[in-house]
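J.: My questions all concern the structure below.
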Amino acid sequence: MNSSQKKWFYLIVLSLIWGSSFILIKKGLIGLSPTQLGALRILFTGVFLLLVGFYSLKTIAVKNWKWIVISGLLGTFFPAFLFAFAETEVDSAIASMLNSLVPLNTVLFGLAIFKITSTNRQIIGVIIGFIGTGLLIANGAHLNPHQNYLYAGFIIIATVMYAVNVNIIKKYLKEESAIAIATGNFVAIMIPSFIILMFTNFFSESIYTNEDVQLSLFYIVVLSLFGTAIAKVMFNKLVHIASPVFASSVTYLMPLVAVLWGVLDGEKISFMQLIGATIILFGVYLANRK
């Protein structure tokens, strides 16, 4: 595949993987607390990445390790906990829709902090996608008035962190390989995650006899392997071969997958939400067409 075909391949596969992550988080919370889920997700993923990417760590330039650590904290560590807490109150489909704020924040922070230029068409496309996301959210709130949307603030904070991370990778880590960045990220955040896990009751005896906990662990293993480890490497490759805006556009397509999973799990969706999803797709097309 040429570069153009590769970036679209990565975009579609990442949309399918990450779009499924929200329902896995929801299922994981059945038997685990948000703190346990976030910590375990990081630890499981870290083990997977170390098995395949340990030797790539020596290729990382010493001067870049500070950016590797910052990237790990902003791109994985804090969002893992923020999304887990958010989904204790907000449906998985709504969480994925809010996650679509990432491309807008990517443009804003790219221009304001990192001086990474974006074309007028990209900005217009992102705004159109954002309008579609707003339509999805508004109708979701109408359908689910019992949900506490203050928890949506956790997701908004996470989208800001994701956006900053995309720009950090593009500006400061473009010479490093995707597997090295991903493995380095988790080397930096595994120890604090384990410390956090120790302060929960995860290692109590009930953990090993509770069927809900065991099933939740299965969901988190799947989430860690595909939704974090494999997807993290693929996303870093996508950032290397495409613009930050194109890379973050994966968050436009994720809600379509997440909404489907949500419907299958009994979550509600309206016709207007489907219209909003169509608007989002148009925004992706406009932002990325030649």
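Each value in this text was obtained by applying a stated rule to the coordinates, not by laboratory testing. Just so it is clear, the structure is predicted and the values come from calculations on it, not from any experiment. Note that we place each Cβ from the backbone using ideal geometry, even for glycine, and neighbour counts take in every protein chain shown.
J.: Normalised by the residues of the chain, what does the relative contact order come to in percent, with Cα pairs under 8 Å and at least six apart?
T.: 41 percent.
J.: Between MET254, VAL213, TYR285, whose Cα lies farthest towards the positive end of the dipole of region 181-290 when Lys and Arg beta carbons carry +1 and Asp and Glu beta carbons carry -1, centred on the Cα centre?
T.: TYR285
J.: Once you charge only the Cβ atoms, +1 for Lys and Arg and -1 for Asp and Glu, what is the size of the charge dipole of the chain about its Cα centre, to the nearest 20 debye? It would help to have the intermediate numbers written out before the result.
T.: Details: 18 positive and 10 negative charges, 284 e Å.
About 1360 debye.
J.: So for each of 6-14, 56-64 I average, over its residues, the number of other beta carbons within 10 Å; can you give me the resulting order with the highest mean first? Before the final figure, lay out the partial values.
T.: Working: 6-14: 17.3, 56-64: 12.8.
Going by the mean number of other Cβ atoms within 10 Å, highest first, we get 6-14, 56-64.
J.: So, one more: Can you list, largest first and rounded to whole Å, the semi-axes you get for region 126-207 by taking the square root of 5 times each eigenvalue of its Cα gyration tensor?
T.: Working: eigenvalues 192, 144, 15 Å².
Three semi-axes, in Å: 31, 27, 9.
J.: Please go through the residue pairs LYS58/LYS237; LYS232/LYS268; LYS63/LYS174 and name each one whose alpha carbons sit more than 23 Å apart in this structure.
T.: Working: LYS58/LYS237 19 Å; LYS232/LYS268 30 Å; LYS63/LYS174 13 Å.
Over 23 Å Cα-Cα: LYS232/LYS268.
J.: For the chain, take the convex hull of the Cα atoms, compute a quarter of its surface area, and give me that in nm², please. Mind showing how you got there, number by number?
T.: Details: hull surface 59.8 nm².
Quarter of the Cα hull surface area: 14.9 nm².
J.: Ok, one more. May I ask for the percentage of alpha-carbon pairs in region 28-69 that lie more than 15 Å from each other? Please report the intermediate quantities before stating the final value.
T.: Working: 507 of 861 pairs.
Counting every Cα pair in region 28-69, those more than 15 Å apart make up 59 percent.
J.: Please grab the % of Cα pairs in region 87-231 that end up more than 25 Å from each other.
T.: Details: 4951 of 10440 pairs.
Tail of P(r) above 25 Å: 47 percent of Cα pairs.
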